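The structure appears below as structure tokens.
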Amino acid sequence: MPNAQIPISVFILLKKQDKILLLYRKNTSFNSDKWSLPAGRVESGESATNAMVREAKEEIDIDINLEDLSSPLVMHNHDDQGERMHLFFVCEKWNGEPKNNEPHKCGEIKWHKVSELPDNIISQVETGIRAKLNNKSYIEYGF
């Protein structure tokens, strides 16, 4: 059997007291009209932490120092899109005020209490949020 070629995605739980920042996906071919975290794919030759810093700047226009990222939760995900590895990082310190930097695919950004996440959040993202905030280091989803 050949070795798996699995894309890697990074997600950031930008945390302020008991709230996290969520983005409302709009006009996208995947999970449109659902809430998610700032996220993106790791590019070839790029480290996961550098991808997270890049995605935070691209999507919500904030600057993050690598040392301010937590160690990640690793999620091995399997769904109708295939297999992926998701890395969920927590960050409680950044520079700049988060703003919607991609209005063509994000309807809004909003702080949500962790205890009151919206019903229309992407299910594996909610699972990753809860697992990371419960200090898990690895989970499997969709197998």
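The values are calculated or read from the model by the stated rules, or taken from the named source; none is laboratory data. Note that this is a predicted model, so its numbers are computed, not measured. All Cβ positions, glycine included, derive from the backbone under ideal geometry; neighbour counts span all protein chains shown.
Grab the strands (runs of 3 or more DSSP E) fully contained in the stretch 1-71, keeping just those with 1 or more residues being at pLDDT below 95 and more than 23 Å from A131 (Cα to Cα).
Here the list is empty.
Quick check on my filter: what residues within the stretch 86-140 are without any contact (Cβ under 8 Å) to a residue 40 or more places away in the chain, of a type in the set (G, A, S) and part of a loop (DSSP other than H, G, I, E, B)?
G96
Which one of E116, E97 is closer than 17 Å to L13 by Cβ and at pLDDT 95 or above?
Criteria check complete, one pass: E116.
Being touching a Phe, Trp or Tyr at 6+ places or on another chain (Cβ under 9 Å), of a type in the set (A, V, I, L, M, F, W, C) and either assigned to a loop (DSSP other than H, G, I, E, B) or closer than 20 Å to S47 by Cα (or both) is the requirement here; does F143 meet it?
No, not satisfied.
Residues in the stretch 23-40: is at least one touching a helix residue (DSSP H, G or I) at 6+ places or on another chain (Cβ under 7 Å), surrounded by 12 or more Cβ atoms within 10 Å (Cβ to Cβ) and farther than 15 Å from I122 by Cβ?
no
Just checking, how many residues over the stretch 1-48 are aromatic (F, W, Y) and farther than 22 Å from H78 by Cβ?
1
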